[in-house]
Amino acid sequence: MLITCPYCGPRDVIEFTYQGDGNRERPQPASQNLDAWNAYVYNRLNPAGDHNEIWQHSGGCRAHLRVVRNTLTHEVSSVAFARGDHKSAARHKAEGKP
Amino acid sequence: MSPRRTDAGGRIDRLRTIRFTFDGAPYIGHAGDTLASALLANGVTLFGRSFKYHRPRGVLTSGVEEPNALVTVLRGEVREPNIAATMVEIYDGLTAVSQNRFPSLSWDLSAANQLGGKLLSAGFYYKTFMGPAIGPLKGTRFWMFCEHFIRRAAGLGRAGIAADTARYERMNAFCDVLVVGSGPAGLMAARAAADQGARVILSELEPHFGGSANWSGETIDGMPAADWAARAAGQLEGYDNVRLLPRTTVWGYYDGNTLAALERVTDHKERPGKGEPRHRYWTIRAKSVVLATGSFERPLVFPGNDRPGVMLAHAAERYANEYGVLPGNRIALFTNNDSAYRCALALKKAGAAIVAIVDVRPELSSEIRELADEVEAKNLSAHAVVATEGGKALAGIKVQRFDMVNGALAGDRRSIQADCLLMSGGWSPTIHLASQDGAKAEWNAARQAFLPPNATQRWIGAGAFTGSFSTAEAIAEGRAAGLSAAGGTGTPAALPVVEAAPGDPDPAPVFEIKADGKSFVDFQHDVTAEDVRLAHREGFISVEHLKRYTTLGMATDQGKSSNIPGHAIMAEALGKPIPEVGTTRFRPPFSAVSIGSLAAERFGDLRPERLTPMHDWHVANGATMYSAGLWYRPMIYGHAGETIEQAYVREAKATRESAGIVDVSTLGKIAVQGPDAAEFLDRVYTNMFSTLAVGKARYGLMLREDGLAFDDGTTWRLGEQDFLMTTTTANAGKVMQHLEYFLDVIWPELKVHVTSVTDQWAGAAIGGPKARAILAACVTGTAVDNAALPFMGIVHGKISGVSVMICRLSFSGEMAFEVYSGAGYGTHVWEALIEAGKPFGLVTYGLEALGTMRIEKGHVTGAEIDGRTTARDLHLDWMLSKKKPFIGSAMMDREGLIAPGRLELVGLISLYNQPLNGGAHIVEALDEANPHDSIGHITACCYSPALGKYIALALVKDGKARRGTRAHISDPLRNRFGPVEIVSNHFFDPDGSRMHG
Ligand SMILES: [Zn+2]
């Protein structure tokens, strides 16, 4: 399996560390909603097909990547920096998150 | 000349004689021979004994699919079992032995197994040995009684116990086009792709390129096909962009068009050349793949089809045409298709008599009738072979009229004398790699075969692999596939012209002749047609169940010759067409792969060693080094005659009495920098860091998202936006990844950069009542008194001309300082400290004394922060800020994490003056014979010089409430039992007066 790191180019999967389901939404830091925390910490999607995942290029540039991987074929259909275009940064600010 | 060797012909070198032994007997072969061809040439018919019944077996095939003729090859003490004799190239001194026979191949005691055939029928493992309901052998005892004998009788080769002395290698390769298989299709594909400028790898599992061209007897472009193939391979050798890999089996097709291959580099040599490995494991990433893997001929299923002398038709053709060997002198043929007639002609030309051609089909085309006339054989159409005769070699066959519409036999049985019977049951394309890739094969009723599925990755099929069995088709498809794989379109030259024997590629749909006697489907696992029907009667009708119940197709040949006949028999039993019974998906490896090649260079101690800057000094000064993760750290600096305990007690005592110094360079160190660094630390630590003044350090605790304790350490504020975080040695990598994850994924808006600087700093911790005096004696550029350097303060100065950073913090509980310098100056600063400490009685101490002093102080480490404990369990709840959320704050107060009955950190004092042991359990009352419930376990232990007692830290159920009570150690494994007192984990100087000084 190859992942094409936006910095480093196509690299073998042994250079990467799987960092979990990329669909998880972390509740607001101060949230006391235990169900939401529970879902975030413990629940993972397990789709047969395309899956949003976080991978770290731990043996390379160390960047975390959002990877869409097909769990049946290991085909990687998209790779992007997890930091993205700072949309999530804007979202955090808009929602008044610390 | 050997009895079965032809005078001329074949691709062996009759002038080069090679001597080898089989079962101790000496034989002679020629360069170009396999072990199978050389033994056949010597008149050997018996190659092995079958798996369950110990029936005599000969050689069935001429290639990688061989199920019968498995041998063990010996090289010195090293034995390699279960190698197909058809794949062993002989060399001078080759020593091979047969398998699964006792005491000898020709006289085998266990052959009596076949008399008890019922006992060993399908599923025998599961049912025969339930045993009688009563008596000494009731139930499974009977099985245990029998197992000993059956395990000995059933089996394959014996693995060796001598260490493998061979070297194995790994190789990564990249190409535009990988061509698997080098028959006419593969050669054409490789050439076409190479002419387009593509980087091409051509792999061939046999020693010679050319595949069927080497033995087909056909003519291509006016020359013998074998010569055409040799010329084509020779031309490819001249291309810079082509890599040829002979003796290389592509055995796995993985995602990303990644393929695994095994190259047998020196198995065919008496000894490896300089630097040559035995095998080479290739990982090949190919932009496109051309699968030109050909097809396997299928046996027919009829009674006695396993007798030595019964062989696949095209195997015999190959022995004659490629090796100049006649597998028999009076040869009969049994077929359901046209392709076998070509073989009869080849053997006739090589000098054998063809005594009969038995064909299940009532009508033959005029072309095929002419071929039959040409070989002057008795032509028995609408007939079938119903029995074979002979012992360790075939003596004759019995034939009967056969109606292929209903499978009925009629009329008298006729005997025909023959010493060899060739059979052909049609062809199965070698679709293994395509099947591994995931798609389902499609049944083709005309070809009576599963054809390759549609490609799910970038591969293109060509030749017999696709069900196009003629050489002309292979050549055309091969060139088209090569062009397409290389992205080319043009078709420049005319295709090579093939002259071949005529024939219809479609066989008659006949797989089995039902007559009395054992008819083998899976030769290697001794599965008969009756076993398949028994499985059906007992309800094991899915292909997957059939496989497991009968073990059909589960031997080392993975059913290459048996799968389709097995499915056909099951389909008939079910009354369903074959495609509805289905086929199993092939899995890697295609054929056996040496364990050595999988490990290759990656065996032995593979861990990199991490050495601190002062490592050489420690070793030179008597340290016993200890491996802690990847690091090597001094355990003790022992004196002559000291035990470990004596050494660390001396070191710890001296530290508390005067001063001690320890190398702490292994601590994880992370630079946390940026405008939001303080905010970030507030989020990742349970306590506040934004309030920390520049020039001060603070002890911090991190939790995981689930609220359990994660890691602890001090973080130093070097500047407004500049922190130096320290972590435990063991968790340095994990903490770094944790921080990076949150900065990248969760809080990308934070302007913080984290950098691992563990290797950039050398660290020495110096502690004890004289520590400050020692620093005062050697540090310049700063004062180190209490005003300049208060507890948790940081100063910058120089030691022996080198810039150092000193923080006053304590792990030992003494007045202590950590002195950091650039890693390159670590030894220089260390030596200066040692020198300055001499008048003060400074000692070096190792991990044991470090651990002892931390246990005395009750500090936690990874043994207590074990992934199951909370901050409260460790009495660190004072560090949980209520003013802010932090990682883990939401989850840390869940019911189960604050409920009574949790394991809490306590101290233990041995009341029986014996050492306590890590991992030992703690019970409320002692009863050695009948252990009580554990209430906890010891995490760390030592002899405490400060207390003069054996002490330990432990995690004990409701530990805090048990302080002042007694319990017992129960350690049956080490046979240690005894009373302990449960106390606070702060054994020594609980109010910290020594370190605050
Ligand atoms: Zn990268």
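Looking at the protein assembly as shown, the DSSP beta bridges with both ends there are about 75 percent antiparallel.
Bridgeable lysines around residue B:957 (alpha carbons under 17 Å apart, same-chain partners fewer than 8 residues away excluded) are absent. Between residue B:960 and residue A:21, the C-beta separation translates, for a Förster distance of 51 Å, into a calculated FRET efficiency of about 0.85.
Built from the Cα atoms of segment B:878-939, the convex hull projects on average onto 6.6 nm², one quarter of its surface area. Expressed as a whole percent, the accessible area of the protein assembly as shown that falls on carbon and sulfur atoms is 53 (1.4 Å probe). Other protein chain C-beta atoms within 10 Å of residue C-beta, averaged over A:52-62: 2. Kirkwood-type hydrodynamic radius, the protein assembly as shown: 35.0 Å, calculated from all non-identical alpha-carbon pairs. Shielding of peptide B:736-745 by partners, expressed as the average count of other chain Cβ atoms within 10 Å per residue Cβ, is 5.
Entry note, segment B:226-288: relative contact order of 25 percent, from Cα contacts under 8 Å with a spacing of 6+ residues.
Ordered from longest to shortest, the equivalent ellipsoid semi-axes for chain B are 75, 34, 27 Å, each the square root of 5 times a Cα gyration tensor eigenvalue.
Highest mean packing first, where packing is the average number of other Cβ atoms within 10 Å per residue, the peptides B:505-517, A:36-48, B:48-60 line up as B:48-60, B:505-517, A:36-48.
The simple spin-label model puts a point 7 Å past each Cα toward its Cβ; for residue B:412 and residue B:973 those points are separated by 8.0 nm. Spin-label model, residue B:107/residue A:77: points 7 Å from Cα along the beta carbon direction are separated by 7.0 nm. Placing dummy labels 7 Å off each Cα toward the beta-carbon, the span from residue B:162 to residue B:630 is 3.8 nm.
As an exercise, use a Förster radius of 25 Å and the Cβ-Cβ distance of residue B:74 and residue B:268 to find the FRET efficiency, rounded to the nearest 0.05. Efficiency for this residue pair is about 0.95. With coordinates expressed along the principal axes, the C-alpha atoms belonging to chain A extend over 40, 28, 20 Å, beginning with the largest.
Surface exposure of segment B:511-596, expressed per residue as accessible area with a 1.4 Å probe, stands at 38 Å². With 0.36 nm allotted per residue and the present C-alpha distance subtracted, the residue B:899-residue B:495 stretch has 137.2 nm of extension available. Would you work out if segment B:861-997 is rounded, prolate or oblate? Take a ≥ b ≥ c from the square roots of the eigenvalues of the alpha-carbon gyration tensor; rounded if a/c is under 1.5, else prolate when a/b is larger than b/c, oblate otherwise. It is oblate, given that a/c is not under 1.5 and a/b is not larger than b/c. Straight Cα distances below 14 angstrom link residue B:949 to the aspartates and glutamates B:645, B:856, B:981, with same-chain residues fewer than 8 positions distant left out.
For chain B, there are no membrane-span-like helices by this rule, meaning no whole DSSP H stretch whose C-alpha atoms cover at least 24 Å of axis and whose Kyte-Doolittle mean is 1.6 or above; this says nothing about an actual membrane.
An ellipsoid equivalent to segment B:511-596, defined through the eigenvalues of its Cα gyration tensor, has semi-axes of 23, 15, 11 Å when rounded to whole angstrom and sorted largest first. Helix-only arithmetic for chain B: the sum of -39500 (n - 2.57) across DSSP H runs with n ≥ 4, divided by the residue total, places the mean residue ellipticity at 222 nm at -6000 deg cm²/dmol.
Please work out whether segment B:668-759 counts as rounded, prolate or oblate from its C-alpha gyration tensor, where a ≥ b ≥ c are the square roots of the eigenvalues and a/c under 1.5 means rounded, while otherwise a/b larger than b/c means prolate and anything else oblate?
Rounded, since a/c falls under 1.5.
Protection proxy ranking for B:624-637, B:200-213, B:451-464, using the average of other Cβ atoms within 10 Å per residue and placing the highest first: B:200-213, B:451-464, B:624-637.
So which of B:669/B:751; B:653/B:857; B:734/B:883; B:440/B:547; B:696/B:960; B:770/B:798 end up more than 22 Å apart, counting from Cα to Cα? Long pairs (Cα-Cα over 22 Å): B:734/B:883; B:696/B:960. Here is the interface size for B with A: some 2500 Å² of accessible area buried, both sides summed, with a 1.4 Å probe.
Anisotropy class assigned to segment B:299-425 is oblate, per the alpha carbon gyration tensor with a/c at or over the 1.5 cut-off and a/b no larger than b/c. Rounded to the nearest 0.05, the FRET efficiency derived from the C-beta distance between residue B:607 and residue A:38 at R0 = 30 Å is 0.20. Entry note, chain B: relative contact order of 9 percent, from Cα contacts under 8 Å with a spacing of 6+ residues. Candidate cross-link partners of residue B:884 among the aspartates and glutamates, defined by an alpha-carbon separation under 16 Å and a same-chain spacing of 8 or more, comprise B:676, B:679, B:682, B:705, B:893.
For segment B:858-916, trypsin sites (Lys or Arg not before Pro) meeting the loop criterion (DSSP other than H, G, I, E, B) and having at most 13 other Cβ atoms within 10 Å: B:868, B:882, B:883.
The values are calculated or read from the model by the stated rules, or taken from the named source; none is laboratory data. Values in this document were obtained by computation on a predicted structure and should not be read as measured data. Reconstructed Cβ throughout: ideal geometry from the backbone, glycine too, with neighbour counts over all protein chains shown. All accessible areas refer to the heavy atoms of the entire protein, side chains included, with ligands and DNA or RNA removed. Shrake-Rupley method; radii C 1.70, N 1.55, O 1.52, S 1.80 Å.
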